[in-house]
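Engineer: After the structure tokens below, expect a handful of questions from me.
The values are calculated or read from the model by the stated rules, or taken from the named source; none is laboratory data. These numbers were taken from a predicted model, which means no experiment stands behind them. As a convention, Cβ positions derive from the backbone with ideal geometry for all residues, glycine included, and neighbour counts pool all protein chains shown.
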Amino acid sequence: MVELIQTDEYRSLAPGIAILMFAGLRPSELMGNRDKESLDWDKLVLKPKGAHKKPYIHVAPEHDKLKEGRLVEMEPNLIKWLETVPQDERVGSVCGQKDCQTKYKKLRQEAGLKGMHDIFRHSFGTYHYHQYSDMGRTMMQMGHTDPKTFKDHYHNYNPEEDAQHLYWQLLPKGATLGRLVEFAS
């Protein structure tokens, strides 16, 4: 996926896919649906001022599945993905185009992800939980409320050796962040 979102065909989806992969938002929270608007760039706070010290995504109640809203802290690699978009282009919808959902479906098909609707969210939950070993923190990030559902999906999974560490090191081509793995397109 990291390679595909760096190609000319899918580069416009890179910020959104990175949000799905590294912040665990639901596709409907990012792209909207018939009941809600898509996520706008102004909800991504890369340089917080005031009480919040770490960059975050404000998932407003009208975007949140539970209608409660939440603040999702951004991991350093997500920030690098978002910074690939020039500051003056970070306006309006993060998806940035009317055919975002169509292109997203095509990308998922090309990546062989047919039928795995929440694969990016599930990857986030699994790797976040196993990286930080804090079920409450991961549940809060994801907007999860049911510990049983969370445990059924994420708790008992045992990722291979360094998988949960390497996941947070996936960066766009040319970006660095200490000792990280770079995937060129």
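Engineer: So is residue 106 part of a helix (DSSP H, G or I), over 18 Å from the mean Cα position of the chain (by Cα) and of a type in the set (D, E, K, R) or not?
Structural biologist: yes
Listed here are the residues, each with its yes/no results for (1) more than 19 Å from residue 137 (Cα to Cα); (2) surrounded by fewer than 18 Cβ atoms within 10 Å (Cβ to Cβ).
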| position | (1), (2) |
| --- | --- |
| 13 | yes, no |
| 33 | yes, yes |
| 58 | no, yes |
| 78 | no, no |
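Engineer: While we're looking at this one, here's another question. Looking only at the stretch 22-31, count how many residues are surrounded by 24 or more Cβ atoms within 10 Å (Cβ to Cβ) and in a helix (DSSP H, G or I).
Structural biologist: Result for the stretch 22-31: 4.
Engineer: Something else: Contact list please: Cβ distance under 9 Å, first residue in the stretch 170-185 and part of a loop (DSSP other than H, G, I, E, B), second residue at pLDDT 65 or above and of a type in the set (Gly, Ala, Ser), pairs at least six apart or on different chains.
Structural biologist: From the stretch 170-185, the pairs are 170/18; 172/14; 172/18; 184/174.
Engineer: Let me ask something additional. So, in the stretch 145-167, how many residues would count as being at pLDDT below 90 and not in a helix (DSSP H, G or I)?
Structural biologist: Total satisfying the criteria: 8.
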